[in-house]
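The structure under discussion appears below in the form of structure tokens.
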Amino acid sequence: MPRLPLALAAALAIALPSAASAASPQSFKGAYTVSFLGLSIARSTFSSSYENGVYTINGTVSAAGLAKLFDDTRGTISSKGIISGQKMVPQAFRADYTSGKKVSAIDIRFTNGNVTSTQVIPPPGKRDPKEWVPLGAGDLASVLDPMAATVIHADSLDKVCGRTVKIYDGEMRADLTLSYVSKGTISVPGYKGDTVTCRMGFEPVAGYRKGRKALEFLKNKSRMMVTFAPLGQTGVYAPIHATVGTQIGPLTISAKQFEAVQ
């Protein structure tokens, strides 16, 4: 499975979930592209639904364009949980990837938002305790999976930013901080209207190798911006555009479809 920043990009690109405030079952669908220096490198699609306080999200991601010449990665991602007040409370997360003949999978299970089990295929190798920041006893309490972590419940656009999200991807625990940048408008198939852009900060907490250059760049130098749009009157705000600065250049995630299914 790809790690940050590609894992972050993939999560942003397919995590458009259900409506917490909907009075009746609702479904949503969308499609995104991930590009590097103007060249498409990945595509993703999703479908999601909400009914009786339960949300389900299913997505696909695959290499595209020139990237397919070097890494023909494709996979599926799913997330399921409940809505409690204005909080996503995950119950299960699953990601399955293939890259050539290599098969990878991550399965995370939760109880009341706390991680109870993690299965990684193939299993990670032995960690050098001198170089590894281990997960502590409290690190996996009240966390979100990579899909649920990108969804914001708020009373208005003004209240989307100004928060910290605790994310766990099956190996690493990190905090994502959102701070207000600006408001704007956007038009894509399925949505035309107001947006809010937040700057996203990244802070690794545990489950990572010390001194890893990619993580140090994301923490100290990367410029990450996420633009959110509302899903009707549901109180749910989901990513519609994002940029992630990497050591070799920016990744851009753009919605090509963003709409409710009647």
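The values are calculated or read from the model by the stated rules, or taken from the named source; none is laboratory data. All figures in this text were calculated on a predicted structure; none of them were measured in a lab. Please note: Cβ atoms are built from the backbone with ideal geometry, for glycine as well, and neighbour counts cover all protein chains shown.
Here Ser182 passes the criteria (1) of a type in the set (Ser, Thr, Tyr); (2) loosely packed, with under 11 Cβ neighbours inside 10 Å; (3) over 29 Å from Thr60 (Cα atoms) except the one numbered (2). Under the condition of being small (Gly, Ala, Ser) and either under 17 Å from Ala95 (Cα atoms) or surrounded by 12 or more Cβ atoms within 10 Å (Cβ to Cβ) (or both), the residues counted in region 109-134 number 2. Condition first: within 30 Å of Ala92 (Cβ to Cβ) and either of a type outside the set (A, V, I, L, M, F, W, C) or not in a strand (DSSP E or B) (or both). Can you find one or more residues in region 178-189 that meet it? Within region 178-189, not a single residue is within 30 Å of Ala92 (Cβ to Cβ) and either of a type outside the set (A, V, I, L, M, F, W, C) or not in a strand (DSSP E or B) (or both). Checking every residue in region 121-135 against the condition of being out of contact with any Lys or Arg (no Cβ under 8 Å at 6 or more places or on another chain) and of a type in the set (Phe, Trp, Tyr) gives zero matches. Sub-6 Å Cβ pairs linking a first residue in region 65-85 that is under 30 Å from Gln26 (Cα atoms) to a second residue that is assigned to a loop (DSSP other than H, G, I, E, B) and at pLDDT below 90, at least 6 apart or interchain, are Ser79/Met147; Ile82/Gly53; Ile83/Ala20; Ile83/Gly53, ordered by first then second residue. With respect to Gly235, is the statement that it is free of Cβ contacts under 8 Å to residues at least 60 places away in the same chain and small (Gly, Ala, Ser) true? The answer is no for Gly235. Name the residues in region 127-164 that are under 19 Å from Leu218 (Cα atoms) and in a helix (DSSP H, G or I), would you? Answer for region 127-164, where residues must be under 19 Å from Leu218 (Cα atoms) and in a helix (DSSP H, G or I): Ala149, Thr150. Taking the criterion of being closer than 19 Å to Val205 by Cα and crowded, with 18+ Cβ neighbours inside 10 Å, the residues of region 135-164 that qualify are Leu135, Leu140, Val143, Leu144, Asp145, Pro146, Met147, Ala148, Ala149, Thr150.
Condition check: in a strand (DSSP E or B), closer than 27 Å to Arg209 by Cβ, touching a helix residue (DSSP H, G or I) at 6+ places or on another chain (Cβ under 8 Å) and among the polar types (S, T, N, Q). Does Ser117 satisfy that? So Ser117 does not fit the description; no.
Look at region 193-208: where a residue is in contact (Cβ under 8 Å) with a residue 60 or more places away in the chain and closer than 25 Å to Phe258 by Cβ and a partner is among the polar types (S, T, N, Q) and assigned to a strand (DSSP E or B), sitting 6+ places away or on another chain with Cβ atoms under 9 Å, you get Phe202/Thr177. Checking Ile167, Ile106, Ile83 one by one, the residue that is surrounded by 17 or more Cβ atoms within 10 Å (Cβ to Cβ), part of a strand (DSSP E or B), at pLDDT below 90 and of a type outside the set (Asp, Glu) is Ile83 and no other. Inspection of region 224-237 identifies at least one residue that is modelled with pLDDT under 90 and small (Gly, Ala, Ser).
If I ask for residues that are of a type outside the set (Ser, Thr, Tyr) and either under 17 Å from the mean Cα position of the chain (by Cα) or at pLDDT 95 or above (or both), which ones from region 142-160 would you list? Within region 142-160, Val143, Leu144, Asp145, Pro146, Met147, Ala148, Ala149, Val151, Ile152, His153, Val160 qualify. Against the test of being surrounded by fewer than 17 Cβ atoms within 10 Å (Cβ to Cβ), at pLDDT 75 or above and assigned to a strand (DSSP E or B), the options Thr76, Thr33, Thr56 yield a single qualifying residue, Thr76.
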